[in-house]
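The values are calculated or read from the model by the stated rules, or taken from the named source; none is laboratory data. Being a predicted model, the structure only gives us computed values, none of them experimental. Note that each Cβ is placed from the backbone with ideal geometry, even for glycine, and that neighbours are counted across all protein chains shown. Surface accessibility is based on the protein's heavy atoms, side chains included, excluding ligands, DNA and RNA. Shrake-Rupley method; radii C 1.70, N 1.55, O 1.52, S 1.80 Å.
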Amino acid sequence: MSHEPGPVLIGSANAEVGMDRGREILEDGGSALDAVEAVIRAVEDNPEDHTVGYGGYPNLLGEVELDASIMDGSTRRAGCVGALRGYRAAISVARGVLERLPHVLVVGEGAARLAAEMGLEAEDLLTEEAEKVWRDGLEGRGELGRIGEMMLSRVASLATDPDRAAGTVDVIARDQYGNLVSGVSTSGWAWKYPGRLGDSPIIGAGNYCDSRYGAAGCTGWGELAIRAGTARSAVARLAAGASVGEAGEAVIRDIVELETDGHHPLMHLVVMGADGTHAGFTTRAEGAQYVWWARGMSAPEMAERTVVPV
Ligand code: ASP
């Protein structure tokens, strides 16, 4: 979809809970960086979303580990955190990496340490509801009593089947100055191997932003977006002159061609051009939506993603 140049905000459908916060920031002349962070924070705070932040599904050991990234397309500076435990605002810690450290990616205890230095509140992210789903899943397989001592690599197949892994929030904003920023936050693949990082904290895989050309964000089976360098490839195609529709379809087709041991290559992508044009894509045969808002609209709306056949 195309618009008059001006503020534009898009995201995965679950970003809807935070879109108004982002819209207000952009309408008041605020920055794309603030808008992206604000939208994602609302999703991280939503306990009903079991794929992001507080209430996210845990890893095999029952520990919630969060991944997030944020990229400023005007400087191409980025901040990312992986396997962050004990702090829900992964996107803000990622922004902390961008603004406070001479690094791009910080994981585990280092990420938690930065969160504490930023004054964020430590808490247990595992809600009763998420814990029950984890417990029921492992108990059903008779594994729970032994999970601490097991060779987890032998039970890694307990992890949610890739065909069903879905969630994560991605958001791209263009502010009135034409700056683009993209952000992604996730609790990752449910029952993942501890320490597993998906595409969300990997610049070039699940997130890439360049205000000269556009931005892209992925949700879905993260290993595939890492293997295909999906978000960076989409923006490289925009830079070469492709439209958002052409760029998005081409990179999803590239994913579909990966070897996946017979699993459905589940992938969703949102793409925005430098001018604010945008589109969404999915490999889900049933289709899926993304949410968007542009200056002049009184409220965000849902749009259909283009289904790329598998
Ligand atoms: N891409 C995320 C990951 O692989 C998960 C998801 O989007 O559902 O961690």
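At-a-glance table
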quantity: For D199: the one exception among (1) closer than 18 Å to V104 by Cβ; (2) away from the ligand (no atom under 14 Å from the Cβ); (3) among the charged types (D, E, K, R); calculated: (2)
quantity: Every residue from the stretch 288-310 that is closer than 19 Å to G22 by Cβ, open to solvent by 60 Å² or more (accessible area, probe 1.4 Å) and touching a helix residue (DSSP H, G or I) at 6+ places or on another chain (Cβ under 8 Å); calculated: Q289, R295, M302
quantity: Any hit, the stretch 175-194, residues being among the charged types (D, E, K, R), within 16 Å of the ligand (Cβ to nearest atom) and surrounded by fewer than 17 Cβ atoms within 10 Å (Cβ to Cβ); calculated: no
quantity: Among residues of the stretch 167-191, those that are within 19 Å of V64 (Cβ to Cβ), part of a loop (DSSP other than H, G, I, E, B) and in contact with a Leu (Cβ under 9 Å, 6 or more places away or on another chain), counted; calculated: 3
quantity: Restricting the stretch 146-160 to residues that are in a loop (DSSP other than H, G, I, E, B) and either modelled with pLDDT of 95 or more or not charged (D, E, K, R) (or both), the residue that is nearest to the ligand (Cβ to nearest atom); calculated: T160
quantity: Strands (runs of 3 or more DSSP E) contained in the stretch 62-113 and holding at least 1 residues free of Cβ contacts under 8 Å to residues at least 40 places away in the same chain; calculated: 77-84, 105-107
quantity: Hits in the stretch 97-108 (condition: open to solvent by 80 Å² or more (accessible area, probe 1.4 Å) and more than 21 Å from the chain's Cα centre (by Cα)); calculated: R100, P102
quantity: Among (1) at pLDDT 95 or above; (2) within 12 Å of the ligand (Cβ to nearest atom), the one test that D163 misses; calculated: (1)
quantity: Candidate set from the stretch 27-54 (those that are touching a Pro at 6+ places or on another chain (Cβ under 9 Å) and within 15 Å of L84 (Cβ to Cβ)); member that is surrounded by the most Cβ atoms within 10 Å (Cβ to Cβ); calculated: G53
quantity: Residue check for I172: open to solvent by 20 Å² or more (accessible area, probe 1.4 Å) and away from the ligand (no atom under 12 Å from the Cβ); calculated: no
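Condition check ((1) among the hydrophobic types (A, V, I, L, M, F, W, C); (2) in contact with a strand residue (DSSP E or B) (Cβ under 8 Å, 6 or more places away or on another chain)) across all residues:
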residue	(1), (2)
G167	no, yes
G178	no, no
S182	no, yes
W189	yes, no
D199	no, yes
G204	no, no
Y208	no, yes
G214	no, yes
